[in-house]
Structures are given as C-alpha cells and as structure tokens.
Amino acid sequence: MTSPAQDVQQAFRTAMRNIAATVTIVTAGHHERGHGMTATAVSSVSLDPPSLLVCINSKTLLHDIMSASERFCVNVLAQEHLNLSQAFSGGIPPAERFALGDWAETEDGLKYLASAHARIVCARRLAIPFGTHTVFIGEVVDVRVSGRQAPLLYHDATYCRPTPVASH
Ligand SMILES: Cc1cc2nc3c(=O)[nH]c(=O)nc-3n(C[C@H](O)[C@H](O)[C@H](O)COP(=O)(O)O)c2cc1C
C-alpha cells in the first residue's frame, strides 16, 4: 500500500510528464573540467535583468561543477540534436560527450554548441537548494541565436516536434 505522500508524488510525476518542454544541454566549468548535461527544467525569470533558472539534481556531476563555476551556458537544442540529448543524459560517459557535436569554447573556456538553436551564457547569481535539486539563477550576459526554427521537445517521456494546431 502506498502512503498519501507517495500518491501525491506519483500523481505529480504523471502531471509533469504531460508538460512539454524544450530540450537543452547545460554546460559549465572550463577546458578539461567542462561538463554538460541534458536539462528541460529551464525557465526565464525576468527580462530586467535578463535572467533564467535551471533546476539541477544535486547528485549530478554538473551540480558540483555549476556550484563552483561563475558562468554556465544553456544550449537550446534543435531536432537534429536528438543524439546529443541522449548522449548528455547518460547515454555515454561524461569524458566522451564532447566528441559528439560541434562544440566550441568561449574565451574563458566555457563550452557551447555552435549549431544550437540558441546559446545563452549566464553569470551565476543565486543557488537555492530545495529537495533533491538546486535552483540556479543566472543573469544573462550573452545570447547568440542561430535562427534554426525546429526545437527539440520532450513530452510524455518522448522526444517530439511542435505541430501548430491553429494559426493564432
Ligand atoms: C529530456 C531530459 C531532460 C532532463 N532534464 C533534467 C533537468 O532539468 N535537471 C536534472 O537535474 N536532470 C535532468 N535530466 C536528467 C539528466 O540529464 C541525467 O540524470 C544525467 O545523466 C545526469 O548527469 P550525469 O550523467 O552528467 O551525471 C533530464 C534527462 C532527460 C532525458
């Protein structure tokens, strides 16, 4: 028999599966300590200052690296990056991940995906631990948009593409 708390957790999991999200790879660290991880728990926070948040499980390697880094980068994936999303969510070991895809580095060594739909570089401002995750809030310091129009979505534990249902 499950407890009321477990019932809520299960129902919450089911509810969240039905929230479609754009897939990103969040990178942090620099040069040989650079690391990246697939994440959909990404949201804008404010436009002034431009800022966003990322929720990262405290058991992950990225969590340790982000906690020690001044900057992180949100790489917004397009559909052609499906294999990268799979690789960066545990499909291949961290040391081998950056061999896949057209990764480059900023002047201070932060890795970014050159072909990403957008790359958003943030200066880490706040880290708020809550439950299993930490909410990292970053102030946006640089944005490059490639103009690719086909975002990679994740919905009901499945990779998807957006389909319009109406013109307005
Ligand atoms: C589509 C997708 C979205 C994910 N979003 C998040 C997320 O927002 N935050 C998080 O902590 N883990 C998220 N994960 C899980 C991590 O990508 C996964 O646990 C990763 O393998 C752990 O990182 P590591 O292998 O670098 O330690 C997501 C996984 C997938 C497949």
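The values are calculated or read from the model by the stated rules, or taken from the named source; none is laboratory data. None of these values were measured; they are calculated from a predicted model. A quick note on method: Cβ atoms are made from the backbone with ideal geometry, for glycine too, and the neighbour counts reach across all protein chains shown. The protein model used for the area step is the full one, side chains on, heavy atoms only, and it has no ligands, DNA or RNA in it. Shrake-Rupley method; radii C 1.70, N 1.55, O 1.52, S 1.80 Å.
Some points to look at:
- A simple packing score, the average count of other Cβ atoms within 10 Å per residue, orders the peptides 72-78, 33-39, 3-9 as 72-78, 33-39, 3-9, with the highest score first.
- Helix-derived mean residue ellipticity, 222 nm - over the chain, DSSP H n ≥ 4, -39500 (n - 2.57), to 500: -4500 deg cm²/dmol
- Accessible area per residue, Å², the chain with all protein chains present, probe 1.4 Å: 59
- Three-way shape label, region 1-41, alpha-carbon gyration tensor, a/c 1.5: oblate
- Extension gain, Val45 back to Phe130 (0.36 nm per residue minus Cα-Cα distance, nm): 28.9 nm
- Note on Gln86 and Ser3: with the Förster distance fixed at 41 Å, the Cβ-Cβ geometry gives a FRET efficiency of about 0.75.
- For Ala118, the residues 5 or more places off, or on other chains, whose built amide H falls under 5 Å of its own are Val76, Ser146.
- By average C-beta atoms within 10 angstrom, highest first, the peptides 139-146, 62-69, 106-113: 62-69, 106-113, 139-146
- Here the peptides 53-61, 83-91, 24-32, 126-134 are ranked by packing, the mean other Cβ count within 10 Å, and the order with the highest first is 24-32, 83-91, 53-61, 126-134.
- Shown for region 4-160 is the translational diffusion coefficient from the Stokes-Einstein equation, using the Kirkwood radius over Cα pairs, a temperature of 10 °C and a viscosity of 1.306 mPa s: 100 µm²/s.
- Using the Karplus relation 6.51 cos²θ - 1.76 cosθ + 1.60 with θ = phi - 60°, the per-residue 3J(HN,Hα) values for region 132-145 come to 7, 10, 10, 8, 9, 10, x, 8, 6, 10, 7, 9, 10, 10 Hz, with x marking Gly and Pro.
- Per-residue HN-Hα couplings for region 108-117 [Karplus 6.51, -1.76, 1.60; θ = phi - 60°; Hz; x = Gly/Pro]: 8, x, 7, 7, 9, 8, 4, 8, 4, 4
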